[in-house]
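Accompanying notes for the structure given below.
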Amino acid sequence: SNRPGGLGLEYFWVTTSPENNDTTWSAPTDVRQINSDQADGAASIAADGQTIYFATNRNTTVKNDVNIWVATLDGRNWKNPHEVGPPVNTTWWESQPSISPDGKRLFFASNRPGKIGNDEDKNNVDIFVSHQLPDGRWGDPHNLGTKINTGHYEASPFMAADGTTLYFCSDAPGRG
């Protein structure tokens with residue numbers, strides 16, 4: 001959330017462990033290269049550590065329009081933050097990206113049409129996947145289907161390092 005020194009409602013911060021021991025940490029510093037004065041969050045860093053995917057509602061005038069953006073690391077600075085673009089991004093809510101270890105599949109949560117259950121219910125969120133095309137663009141997103149999604153809220157996808165295990169949350173009765 002908004003801590004002193006931040007620009008917006010949600011904001012990226014970074015800290016390091018100088019002794020690499022997970023108990024000693026530097027003071028958090030803001031990541032101004034990718035932060036905006038809007039709500040920025042839900043980051044997924046690619047396995048190579050050089051690409052970050054994140055969700056933001058910047059550059060839109062549509063209420064509740066959240067889109068997925070990407071930036072690349074150049075030394076210690078994130079460069080070229082830009083929208084992933086269509087067909088992944090729409091005027092619906094696309095958020096919580098997770099990039100597969102090979103960088104070829106982008107999982108995300110959305111309330112876009114094509115979800116399981118009531119398409120009109122904006123609280124009904126499903127997990128979708130888009131495959132990277134040979135030219136580097138992202139293909140049409142596909143709903144992961146009824147083994148993952150229900151007519152309820154499924155979100156926060158995370159693809160494990162094995163490239164086959166998907167973790168996610170669900171508020172569907174009987175799950176958990």
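The values are calculated or read from the model by the stated rules, or taken from the named source; none is laboratory data. In this text, all values refer to a predicted model and were calculated from it rather than measured experimentally. Here Cβ is always computed from backbone atoms with ideal geometry, including for glycine, and neighbour counts include all displayed protein chains. What goes into the accessible areas is simple: the full protein's heavy atoms, side chains included, and nothing from ligands, DNA or RNA. Shrake-Rupley method; radii C 1.70, N 1.55, O 1.52, S 1.80 Å.
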Original post:
Would it be correct to say that Ala109 is within 15 Å of Asn57 (Cβ to Cβ) and either at pLDDT 95 or above or open to solvent by 40 Å² or more (accessible area, probe 1.4 Å) (or both)?
Top reply: yes
Original post:
Assuming Ala43 fulfils every condition listed in (1) outside any loop (DSSP other than H, G, I, E, B); (2) within 18 Å of Phe12 (Cα to Cα); (3) open to solvent by less than 30 Å² (accessible area, probe 1.4 Å) apart from one, which condition is it?
Top reply: (3)
**OP:** Pairs only if they're at least six apart or on different chains, beta carbon under 8 angstrom, first in the range 150-176 and free of Cβ contacts under 8 Å to residues at least 40 places away in the same chain, second among the hydroxyl-bearing types (Ser, Thr, Tyr) and open to solvent by less than 30 Å² (accessible area, probe 1.4 Å); list them, first residue then second.
**Re:** Ser170/Thr150; Ala172/Thr150; Arg175/Thr150
**OP:** Give the residues of the range 134-176 that are hydrophobic (A, V, I, L, M, F, W, C) and part of a loop (DSSP other than H, G, I, E, B), sorted by residue number.
**Re:** Leu144, Ile148, Ala160, Ala161, Ala172
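Do the conditions hold for Ser130, that is, is it within 18 Å of Ile68 (Cα to Cα), open to solvent by 50 Å² or more (accessible area, probe 1.4 Å) and either assigned to a loop (DSSP other than H, G, I, E, B) or not charged (D, E, K, R) (or both)?
Details: within 18 Å of Ile68 (Cα to Cα): yes; open to solvent by 50 Å² or more (accessible area, probe 1.4 Å): no; either assigned to a loop (DSSP other than H, G, I, E, B) or not charged (D, E, K, R) (or both): yes.
Spelling it out, it is not the case that Ser130 is within 18 Å of Ile68 (Cα to Cα), open to solvent by 50 Å² or more (accessible area, probe 1.4 Å) and either assigned to a loop (DSSP other than H, G, I, E, B) or not charged (D, E, K, R) (or both).
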Subject >> Cross-chain or 6+ apart pairs with Cβ under 7 Å, the range 1-25 first and modelled with pLDDT of 80 or more, then assigned to a strand (DSSP E or B) and of a type in the set (Ser, Thr, Tyr) >> reply: Trp13/Thr29; Val14/Thr29
Original post:
Out of (1) at positive phi; (2) assigned to a strand (DSSP E or B), what's the single condition that is false for Trp78?
Top reply: (1)
